[in-house]
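Presented below is the structure to which this report refers.
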Amino acid sequence: MPQEKQRSFYQAHRLKGSAMRFAFWIGTAAVAIAGVAARAETPPPPKDPLTRVIWDMFQMHLGKTVCTNGPTSVSAIRDKVIDHLNLREGDAVTPKALAIAVWALYPCPFSPDRPELRPATSKDMEGVWVFPEGSQKLRLGPGVSQPSPFGSLPVKCDVVGYFPNGETRHVITGAGPSSCPYQRAMDFDSVRKLPAVASWSLLRDGRVSIRRTDVENYIEEWDIYAVTSPFSAKGVDFTNGDLVAYNRRNLGNENGAATEFRHLQKLP
């Protein structure tokens, strides 16, 4: 981000109730991201500073670390952000606080703020879990050019274990001629015979911290939710007992942007 634009982005602004009349469709804004230079009819950025920050967030991050569950308006998003931050008329708020709120409310691929989900407990999480191949398309935002951790190579097998003693294991491999060797929880026993270097703990219900002894200053935190009733989203079916997880904190990401998503199903 250019230095001048960055200073502007993080400059503090004050709420103005009269600005809440501004609205346009996010779908139109998304189209304008690709065609702003060629389309004179593209709606201009809002003049209200608070709404402008939200507008800029969607211009820069839509489909990468910011997603909506369907068409919505900037005014509706603005109202939800104000409610999330518990702001009142005349309150001061920084653009950084607004950006963090947008990332919290609108992660990719969909918001966890839905009745079928609740923050996971340690009992919900204990076990061995697979990230199904059919759900891998949701790992990264739809606007991210790299479809998987292996670049253009799809993920064949992604299995994570959370065990009662705080031990965690994670195996991920790219596509190959053979199927994923971990079809049952007991198949993961061979992985657990390797030296343990990672551990997990709950900072609070739903927020999981991963620590590693083999990486200095390692940071990894996830927001994990348990599915309490079946639902479908983005072409994927989620069933009772599944987990959905958002990677919310890593080295270099202290703003809560969800940089990776997991759909986990428990192995028998």
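Coordinate-derived values only; no laboratory data. Small disclaimer: the values here were computed from a predicted structure and weren't measured. As a convention, Cβ positions derive from the backbone with ideal geometry for all residues, glycine included, and neighbour counts pool all protein chains shown.
With a simple spin-label model that places each label point 7 Å from the Cα along the Cα-to-Cβ direction, the separation between E167 and E126 comes to 1.4 nm.
Taking 0.36 nm per residue of separation and subtracting the Cα-Cα distance, full extension of the segment from N86 to D214 would add 42.0 nm. Could you please report the charge total around V155, scoring K, R as +1 and D, E as -1 over all other residues with beta-carbon less than 12 angstrom from its beta-carbon? Here the charged neighbours net out to +1.
Listed values for the range 160-168 are Karplus-derived 3J(HN,Hα) couplings in whole Hz (6.51 cos²θ - 1.76 cosθ + 1.60, θ = phi - 60°), namely 10, x, 10, 10, x, 7, x, 6, 9, and x replaces Gly and Pro. Here S190 and E133 are evaluated by their C-beta separation; at R0 = 25 Å the FRET efficiency comes out at 0.70. Taking 18 Å as the limit for the C-alpha separation, the pairs K137/K234; K156/K234; K193/K266 exceed it in the case of K156/K234; K193/K266. Exposure proxy shown here: for W55, W129, the number of other Cβ atoms within 10 Å sets the order, fewest to most, as W55, W129. When only alpha carbons are used to place a centre, the range 204-268 and the range 75-124 end up 17 Å from one another. A full extension of the chain between V144 and T72 corresponds to an added length of 23.8 nm, given 0.36 nm per residue minus the alpha carbon distance.
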